[in-house]
1. Given R₀ = 25 Å, FRET efficiency for residue 42-residue 11 by Cβ-Cβ distance, to 0.05?
2. To the nearest 20 Debye, how big is the dipole of the chain about its Cα centre, given +1 on the beta carbon of each Lys and Arg and -1 on that of each Asp and Glu?
3. Describe numerically, in nm with one decimal, the distance between label points set 7 Å from Cα along Cα→Cβ at residue 355 and at residue 82.
4. Based on the Cβ-Cβ distance of residue 391 and residue 282, what FRET efficiency does E = 1/(1 + (r/R0)^6) give at R0 = 41 Å, to the nearest 0.05?
5. Taking a ≥ b ≥ c as the square roots of the eigenvalues of the Cα gyration tensor of the range 54-110, is the shape rounded (a/c under 1.5), prolate (a/b larger than b/c) or oblate?
6. HN-Hα J couplings of the range 174-181 from phi, Karplus 6.51/-1.76/1.60, θ = phi - 60°, integer Hz, Gly and Pro as x?
7. Starting from the Cα of residue 229, step 7 Å toward the Cβ, then list every residue of the range 254-285 with an amide N under 19 Å from that point.
8. Quote to one decimal, in nm, the extra length available between residue 294 and residue 263 on full extension: 0.36 nm per residue of separation minus the C-alpha distance between them.
Amino acid sequence: MTPIPADPPADLPVVRLRPKANARAVRHGFPWVYADELVMDRRTGALPPGSFARLEDAERGSLGVVTVNPKSRIVARVMDADPAALIDRDWLAARLRRALALRERLFDAPFYRLIHAEADGLPGVIIDRFGDAAVIQPNAAWADRMAGDLAAALADATGVATIILNGSGRARGLEGLDDRTEVLAGGLSAPVPVPMNGAIYMADLLGGQKTGLFFDQRLNHAFAQRLAAGARVLDVFSHVGGFGLAALAAGAAQATCVDASGAALALTQAGAQAMGAADRLATRQGDAFAQMEALAAEGAQFDVVICDPPAFAPAKPALDAGLRAYERVARLAAPLVAPGGYLGLCSCSHAADLSAFRNASARGIGRGGRRMQLIHTGFAGPDHPMLPQLAESGYLKALFFRLDG
């Protein structure tokens, strides 16, 4: 891919906030400008998606350099508070080195989320690292336009040899971007084994969901391991065996992983084989709700049950339906927990805040006929930092209950 150079600062167009827009929020670190907050004259509306511009408030005070996408509801994203910043390969490399320094302090092996979008100063960009390989998700138009520069800066900063562009998902559609997957550097012939919490996961970087593995649950896997020794464990919506393989690594007597994807379950089995734990793993393929109902009909119970579903409430319009779905998960899962056992419930929906998710989960457990104690609340690990001004960057919640009755 031929890199497209950034615009020189002197040539940047100027875009301006409307008089009633909250310029103070931007000055204090809020990274987005919505379409109804920006003066959308003919010149601004004609800017190509992913262009850079200098943002000013209604009084022509400088607010920094932004990337503009007239096709998106988030019409501008703050790139740099310095109005003279040049967004080029060197600028990208500096942001990457800053993010890398944090991860290298946190982890003793190069398996982590390296870039968590706005929270790491690269708006709309996700980069997960898998040893000598990395996956870039360019979910904003500027990053899609500069994918070649981003890949080159990533290789320079980290030394990774294989770089995959995974351009798929809802976020790209909101930016007006097409789905695409490309190998930008190197190549892969097999899933990548990923050691985490003593387990081994197999990550399909080319054909798997998202980047191939969910690093965000690392600390929640570790908490679940404290409950798992000698236990019968059920991992629902298991993907490549996130909680199930972690439980086996902690000495679970048996783990059953439930997922709709046969490919994901095959990767789970491969991970268990690599761990020497294949004889303690069972898998069930099918709709998670139907599988929980079937397990209940079979009279099955487990010492630990964990449900980590996809985002049922990815945005505010889906919130009510999403909360009903989380309540249903809890209601179906609760009867599968043996008396005195443990239930873990997770949500990656940023639109459902912790209070709403906790209330929906408690309602579901109660309607499942169980009494509960909430013993632990978990979030994403530190390689998924939160930008305090942007609630969307702190999306993951994990609740662990002890059930009686």
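1. Values: r = 19 Å, r/R0 = 0.76.
In this case the efficiency is close to 0.85.
2. On the way: 41 positive and 41 negative charges, 222 e Å.
That gives a dipole near 1060 debye.
3. 4.1
4. Numbers: r = 38 Å, r/R0 = 0.94.
The value I calculate is 0.60.
5. On the way: a/c = 2.86, a/b = 2.16, b/c = 1.32.
Prolate, since a/c reaches 1.5 and a/b exceeds b/c.
6. Per-residue couplings from phi come out as 5, 8, x, 9, 7, 6, 7, 10 Hz.
7. Flagged as within label range: 254-255.
8. Numbers: separation 31, 0.36 × 31 = 11.16 nm, distance 2.17 nm.
Between residue 294 and residue 263, full extension yields 9.0 nm more.
Quick note: the coordinates plus some simple rules give every number you see, no bench work behind them. Because the structure is predicted, anything quoted here is derived from the model rather than measured. Here the Cβ is made from the backbone with ideal geometry for all residues, glycine too, and neighbour counts use every protein chain on show.
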